[in-house]
Every structure is written in C-alpha cells, then in structure tokens.
1. With a/c under 1.5 counting as rounded, go ahead and sort the stretch 91-181 into rounded, prolate or oblate using the C-alpha gyration tensor (a ≥ b ≥ c being the square roots of the eigenvalues; past the cut-off, prolate if a/b is larger than b/c, else oblate).
2. If you roll a 1.4 Å probe over the heavy atoms of the protein chains, what accessible area per residue do you get for the stretch 160-207, in Å²?
3. Keeping every protein chain present and rolling a 1.4 Å probe, give me the accessible area per residue for the stretch 329-431 in Å².
4. Are any of the pairs K124/K145; K42/K85; K52/K466; K85/K466; K274/K426; K227/K283 more than 20 Å apart by Cα-Cα distance, and if so, which?
5. For F416, what charge total do you get from the other residues with a beta carbon under 12 Å from its beta carbon, if Lys and Arg give +1 and Asp and Glu give -1?
6. Once the other residues with Cβ under 10 Å from the Cβ of V45 are scored (Lys, Arg +1; Asp, Glu -1), what is the net sum?
7. When Lys and Arg each count +1 and Asp and Glu each count -1, what net charge do the other residues less than 10 Å away from D178, Cβ to Cβ, add up to?
8. What chymotrypsin sites (Phe, Trp or Tyr not before Pro) does the stretch 405-496 have in DSSP loop regions with at most 16 other beta carbons within 10 Å?
Amino acid sequence: MINKKLFLTIIIVISCSIHAIAQTDYYYYKGKKIPLIVNENKICVSIPKDNKDVSDRICANVHVLSKIKDDDLDIFVISRSDYEKLTTQDFWKKDAKSAIVTSNYLTTEKKEVFSFPYLNVRLKSEQDFNLLSSYAERYRLRIIKQELLMPLWYILAVTPESEKNSLECANELFESGDFASSVPDFWSDDLECSNDPLFDQQWGLYNSNNPDIDISVCSAWNYATGKNVNIAILDTGIEMTHMDLASNISSLSYDTETMTSPSHVYDDDGHGTKCAGIAAAIKDNGLQITGVAPEATIISISNKMDTTTCSRIKRAHGITWAYLNGADVISNSWGSSTHHDVIDEAIYNAFIYGRHGKGCVIVFSAGNDNSNHINYPANCNDTILVVGAIDSTGVRAPFSNYGTELDLVAPGVDVFTTFPNNQTWKDSGTSMACPHVAGVAALVLQRNSELTVSQVNSIICSNAKKIPDGYFVVTKPDGSWNNQYGYGLVDAYNAVINTPGDAYIQNETIEGTRIITADSIYVGTDVTDTKPYGDVILGQGDITIKAGYIEINGSTTVPLGTTLTIGE
C-alpha cells in the first residue's frame, strides 16, 4: 500500500515541475524575466529572399496564414500542423538548410506575439563593439546594422547556421552580463483598432481571449475600409438616423412593400439595423461599435419578410432594384420556406447585369436549424456566398446550418451591433454572420473595383482561416473545404492583401495622361479575361503595353507592376 504522505509529496513535485516547464520561455525587460506561453498552433518560417524557390515551395504546399514584410527575408506564418507536414516532404530535407524557424507566443494578457529571426542588443559603451562581434561569431549571428540615432543599439539576425533561436540568443547575451540589454524581435498587431467604446466586446473583429478566432480586420483597415463601395441590406429596414450609422447611410433607399422610397422599419427586433451595424457601422467616432467596412455606404431595402402577401416576389423586386441602383454587395440575412423561380431569376440577373456586367456580390446566411442542409435561397445558385456561424472559441454554432453549399463561417454568437433608438444589442444567428462577409467583400472591392463577382468570391474563400485546423480534407476549387466550416473563417486581412491591384485596359488608343500602378496589366477587348494579351497604344504612340511587358519608345522595356505615368 502506498504511503499517503509520500504520494502527496510526489504529486506536488510533479505539479511544480510542470509549472516550471510551462514558464521556461521568457525574455528580459529591465533585468526581469517576462514569461511567454508557446502557442502550439502556429510557427514562423523565414527564408532568405535569394532562396525564392524555397519560398515558392512553401506557398505551394501549405496554407500561409500571413506573410510579414521584411527587406531580407520572406517570413511566413503557418500552422504547426502544416509545418509538420512540410517536414515529411522529400524536398524539405534540402530546403530546411535555408529555413529559420521561430515560435509564436501568447503573453500573460493573452496577446499574440511572433518571434522573428532578429534581436536587438544595447552595448554598455561604444568600446564593446568587438565584444558584440565576438558573440556574433560564437552564436553564428549576423550584425545587420547600428541604430544611427541611438548608436549603442544594434540589430542582429539569426542565420540558418545558428544553433539557437533569436529568443535563446537574446537571453543568453543578456545573461552574460556583457550587455546593457538584449531583446528578441517580436511582432504583434499593435494597432489601436478603434476608439469606439464597445469595440473590445466585438470579439468577431478582435478576439483578445482567443487570438486568431476573429476576422483579422484591424490589419485589413490599413489597406481598405470599404470607401466608395455600396452594401445593400435587404431586410426588415434600417434605422437610418441611428447615430452610429447615419453618415454611412445612402440617400437612396427603397421599400419593397410600397415600391417607393424611402425604406421603412418593419420590426421591433431591429433585425435590419443589427445587420447594417455589423457590415458598416462608423469607426472612430467615439460611439458604440465599429463595422467591418466602416466607410462603406449602406443602402436600406426594406421588406416585411413574414407579415405580408406576395413577399417572395417583393424580395426579388428588392434584389433587382439593388443591382439597378448601384449596389456592389447585397447582404441577405433571411431564408424562405418555399422555393420561387422569381427569386432565382433576380439573383441570376444581379450576377449577370450588376456592377456594369461584373456582377454583384450576393451573400446569404446559411440558416439556423442545425441542419445538414443549407436554407433556400442561399442554396439556389453556386455563385452566392453562403455563410454559417461560429462562436468565440472557433466552434460551429449549435444552431448553424451546414452542408455542401456552405462557403464560409463568420462570427455569429453574442455579436454586438447597432439597435433602433440609437442603442446597441447583442444577438446570435447566421443572420449576424452574413454581414461580416458582406463587409469583407466591400473591403476587397475597394482594393479592386474591376474584379468580377467570381473573382471576389474566390479571393474571400481561398484566403479563409482553416479553423479548427485539421478538419479541411475535401478539395474544392478554392482550396481545402469542410462540411461544417466551408473554406473556413472569413479573413479580412488575407483577403485584402491578396487582392490583385490589377489594371484592365481595353484595346484602344488612350489620349492624355494615365497613371498605372498595378501588380499586372491586362489588355485586350475582354477585360474580364485575366490573361495578358493584345496590344494597346497610349498617348502619342510612344508607349505600347504588350502581353507580358511594357515597351517605351520602341526599345526600353520595364516589368509589369512598375508605376508609369503614361501620356504626353
């Protein structure tokens, strides 16, 4: 029989040991250890830019969660499971020799930070540079540069030959006692996202408790806010004077019941006002919340939904009115218990004729029946973006429908948003998930208004976050897919940065001055075809854009992606 006193002693020792192991990662600040918790879900892989073939193989074989800008390195954030998958590939045995692998951490406040291959060291005096050089040689570090305005500080970098990572090197240099400070280079999203007082409760936009279980919109706002993009909300009507919506509300609105303007509010639940706030509430006005596309224009289209006759044909009328009156995105947080050809036809026409033939982006909620069947009309056309709901831990909401037609998931549980009478409200449902995706579509269209609806859909779906990781085993046109999560959680940042800023130029002679800044320049008679072809003469004939390059004065060539001022 085990002595109880001895048994308790063993348990205490083991518990203390586990706690000690959990706290072994740290960095130094003012001589004190600051603990870090390893985030086992992610990892950073850095590749020198002169090894482009290695970077290309990483992009081709794993889903890159984000790519960090750096002058010397291609830095990829990937899931740990994807990294482990890389290590099983035959090519990785060679590629690993040029790779620098660093960890992702959580602070004690649950903030996410990434460790990069750099460290910052402060000398005690200018005479200690030789000492720094000696340590750099011992640890196989590169001395990158001296901080000119603070000359005792130096930037060093870990190399593929280094036996320790940047965190370990920084700690050991400080623990040597030879340097005033030694800190690993961490990256985190340090933006003050919004000054709106309820923003910290909008977990779908920034989830401090579960990093990465949000739509990563803070970083996306550096590139797009939805400006000059029109989001039509076909719903029970929007309170157009709401203090957190009013300046984003279009002067155009429509009521499908009376077939006149303006729109009306037909419910006490404020359903349409809630959806509008999620999509495009005003940002940084010191009021209430922030929308996904905070500078988009909201077009209110009202319908009673369930208390009127001929409701289906009226909703079809609303969709038609939307695309005829300049809607770029149409958000639909509703379903229908019966099918109707008129709704199918209105949706089809919006795809064909909306946005001057490029097609409106149409987003629908998946339904709230916890069914392996997407509700109608979300399931009536493959070009619709169908959205299910997740909670703040990344788990599918227990009410959210799923199945073959599901494209994405978005935050849909305990979502803070606007409510009539200048109030806010917290609500749940795929109705709340749908306008998150409508807002992201507006961000993408601000980046490139020439994209077709299919291109927008593909950008959004192919850049979704694979949560929960490991569930995505079915292959579809826009990547790996799952029956309950679609392509994953909509990711505003990755969608926006992977939106091509391309120029599409018809086969014509253009007079005057034209400034072109583009990743690629596509020319010809059909600008919806993204294959470079045909010739275009601009200005007085001195500049010709041809397939694959730009020719100036018949001799000089510059690569596509160059910024050119074209004209006289």
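1. oblate
2. 47 Å²
3. Working: 3820 Å² over 103 residues.
The answer is 37 Å² per residue.
4. K52/K466
5. -3
6. -3
7. Numbers: positive: K124; negative: D128, E175.
Charge balance near D178 sits at -1.
8. Y471
The values are calculated or read from the model by the stated rules, or taken from the named source; none is laboratory data. Note that the coordinates shown come from a computational prediction; the quantities given were computed from them, not determined experimentally. All Cβ positions, even for glycine, are placed from backbone atoms using ideal geometry, and neighbour counts span all protein chains on display. The area values use the complete protein model at the heavy-atom level, side chains included, leaving out ligands, DNA and RNA. Shrake-Rupley method; radii C 1.70, N 1.55, O 1.52, S 1.80 Å.
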